[in-house]
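To start, the structure itself, in structure tokens.
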Amino acid sequence: MPEKQTLERAKKDKREGKAPSTQAGEFVREEIEHVREGKHGARSAKQAIAIGLSKARRAGIDLPPPEKEKHPPKRGNRLPAIFAKARVGARAPSRQSARGLPPKH
């Protein structure tokens, strides 16, 4: 739940006709302060911003919904050798491929 002061500042920004992103900035500021004080478990500034924007949306600030990912994060098509046996019907990779070496021909 946002602090009372944060809600008041955001309402003041709205009365003054400021943009929704400016109104939401109060929530982001609060979240970053929480991270600095050690109150919150956010690991990065990006994460604190995301939490602040989420709180702003819940509080009624007219922000657009979060954007969908255009490209999902790329992951290798091979799991580490440790997990090779967990995959059904799969063999463990050879020593060369497990170490990332090119195959011998």
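The values are calculated or read from the model by the stated rules, or taken from the named source; none is laboratory data. Computed from a predicted structure; not experimentally measured. Don't worry about glycine lacking a Cβ; one is built from the backbone with ideal geometry, like all the others, and counts go over all protein chains shown. Protein only, heavy atoms only, side chains kept; ligands, DNA and RNA dropped before computing areas. Shrake-Rupley method; radii C 1.70, N 1.55, O 1.52, S 1.80 Å.
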key: Accessible surface ranking that places the most exposed of 31, 3, 26, 69 first, with a 1.4 angstrom probe   = 69, 3, 26, 31
Cβ crowding within 10 Å averaged over residues, with 57-63, 12-18 ranked highest first = 57-63, 12-18
task = Pop out the ³J(HN,Hα) list for segment 51-64 in order, Karplus 6.51 cos²θ - 1.76 cosθ + 1.60 with θ = phi - 60°, rounded to Hz; leave Gly and Pro as x.
result = 5, x, 5, 4, 4, 5, 4, 5, 7, x, 6, 7, 9, x
ask   = What is the count of Lys pairs in segment 8-75 whose alpha carbons sit under 22 Å apart, if the two are 8 or more places apart or on different chains?
value = 10
